[in-house]
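Reading through the structure tokens given below for one structure.
The values are calculated or read from the model by the stated rules, or taken from the named source; none is laboratory data. It should be emphasised that the depicted structure is a prediction, and the values quoted were computed from it without experimental measurement. Please note: Cβ atoms are built from the backbone with ideal geometry, for glycine as well, and neighbour counts cover all protein chains shown. Heads up: the accessible areas ignore ligands, DNA and RNA and are worked out on the full protein's heavy atoms, side chains in. Shrake-Rupley method; radii C 1.70, N 1.55, O 1.52, S 1.80 Å.
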Amino acid sequence: MPEQIAFLDEWGNTELDFTKPATSTHYIVAALLLSKTSLPAIEERLEVTRHQFFPNAHIDASKVGNDDKRRLQILTELLKLPFHIFGLVVDKRQLRTEGFQYKGSFYKFLHGLADRELYRTFPNLELVANRLGSDSFMDGFVKYVYANHIPNLFNQSSFGFVQDSSELMMQAAGFVADALARCYDETVLSEHRQEFSSLLKSKMLTFRYWPEAFQPLSVQVPEEAFLYNREIAELSLQLAQDYLHRNLNYASAPQKIDQVHCLGYLIFHFRHVNPMRYISSRELMNHIQAGRNTNISLHYFQAKVIAPLRDAGVLIASSSKGYKLPAGEQDLYNFINHSNTIIQPLLSRIQKCRDRILLATNGELDLLSQSEYKLLKKLLD
């Protein structure tokens, strides 16, 4: 029998005509995940919270209206309960292909996203949803789950329905989905969204925002930044020459020799050829190989030549065109922008791995909880 159970609800609509005032900019799916054995105790405590804020009524976000201070109070109490949250937020404004104009295509896309995050991590998950009608996301998701997860001896996945709208956990899931909407959707965006986000984050096992929200990969700089900057050029040249002077005595260390040859070539081109020209990896590698009579790999060049030079404080700009000593602001931004295209996807992959394990272990194993990963955890959090 499944050990985990998830109560799932949705927020938003499938409309993609954003000129209509009632069109949500985002579509949100939220699930509350908990162990089945803890369900009775959680429902008992949830009933106390319901009676406190909604006496003689359901837990209903629409009854709170725009009173976000009260919404924060209710959310704070709900999140004291021992469940975790799965959140999926889709920016509908990014669904620009013609196929998404059809509701069926839109739902199919969402079904794939939700299924990929939930069932591939929890293959034996019991999912409970509130059937809203034959034309709803939930109804299509049921069919998707049955089509892709046929139960067998090793996989006991099941999908339940709650027909009674008074089901407490479903009401709580709806309230959480509404709170997420206050953080992202332009039609209900709250001035307290940072507080909502901070509260929800403490209970999030997995959160997916589509499309992945990387920061812009290139800094837009003014036109003058493309010009030669004497101060930057002199500093980069000074640091490069200082490294050469300090390391000429390491002539017997092969890697040091390669670093010195590479940097000498960069300095020569900077001073006597063209300070604005980038030099390709192949050209620099050929120069190094000419001095050692053996070939080197691109990995060796990047990890054992360029990286140690940068670690030593030498300024080396890089872009898709190659390497050079920086001669202006644009060269410096090229280096940062190029690095950003590598760093952000790597961080995203680490976060996905971390989220998968958190979800699978019900929050008990955080891969970044080790002290060695303190800085990495801070960056991702």
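Quick notes on this structure:
- Subset of region 322-381 that is of a type in the set (Gly, Ala, Ser) and out of contact with any helix residue (DSSP H, G or I) (no Cβ under 7 Å at 6 or more places or on another chain) - its residue that is farthest from Phe207 (Cα to Cα): Ser339
- Filter result for the condition that a residue is open to solvent by 70 Å² or more (accessible area, probe 1.4 Å), modelled with pLDDT under 85 and closer than 30 Å to Arg277 by Cβ, over Ile342, Ile336: Ile342
- Tally of residues being within 22 Å of the chain's Cα centre (by Cα) and either under 30 Å from Leu16 (Cα atoms) or surrounded by fewer than 16 Cβ atoms within 10 Å (Cβ to Cβ) (or both) across region 73-94: 10
- Of the residues Asn340, Asn362, the single one that is in contact with a His (Cβ under 9 Å, 6 or more places away or on another chain) and either touching a residue at least 12 places away in the same chain (Cβ under 8 Å) or over 22 Å from His261 (Cβ atoms) (or both) is Asn362.
- In region 228-279, the qualifying residues are those that are over 18 Å from Arg310 (Cβ atoms) and touching a residue at least 60 places away in the same chain (Cβ under 8 Å), and the one that is surrounded by the fewest Cβ atoms within 10 Å (Cβ to Cβ) is Tyr228.
- Scanning region 13-68 for residues that are outside any loop (DSSP other than H, G, I, E, B) and of a type in the set (D, E, K, R) gives Lys36, Glu43, Glu44, Arg45, Glu47, Arg50, Lys63, Asp68.
- Arg292 being open to solvent by less than 60 Å² (accessible area, probe 1.4 Å), of a type in the set (Lys, Arg) and either more than 30 Å from Leu34 (Cα to Cα) or touching a residue at least 24 places away in the same chain (Cβ under 8 Å) (or both): no
- Any hit, region 314-328, residues being of a type outside the set (Ser, Thr, Tyr), open to solvent by less than 10 Å² (accessible area, probe 1.4 Å) and either assigned to a helix (DSSP H, G or I) or farther than 28 Å from Asn229 by Cα (or both): no
- Within region 74-87, residues that are over 14 Å from Ile59 (Cβ atoms) and at pLDDT below 95 reach partners that are surrounded by 21 or more Cβ atoms within 10 Å (Cβ to Cβ) and of a type in the set (S, T, N, Q) with beta carbons closer than 9 Å, at six or more positions or on different chains, in the pairs His84/Thr206; Ile85/Thr206; Phe86/Thr206; Gly87/Thr206.
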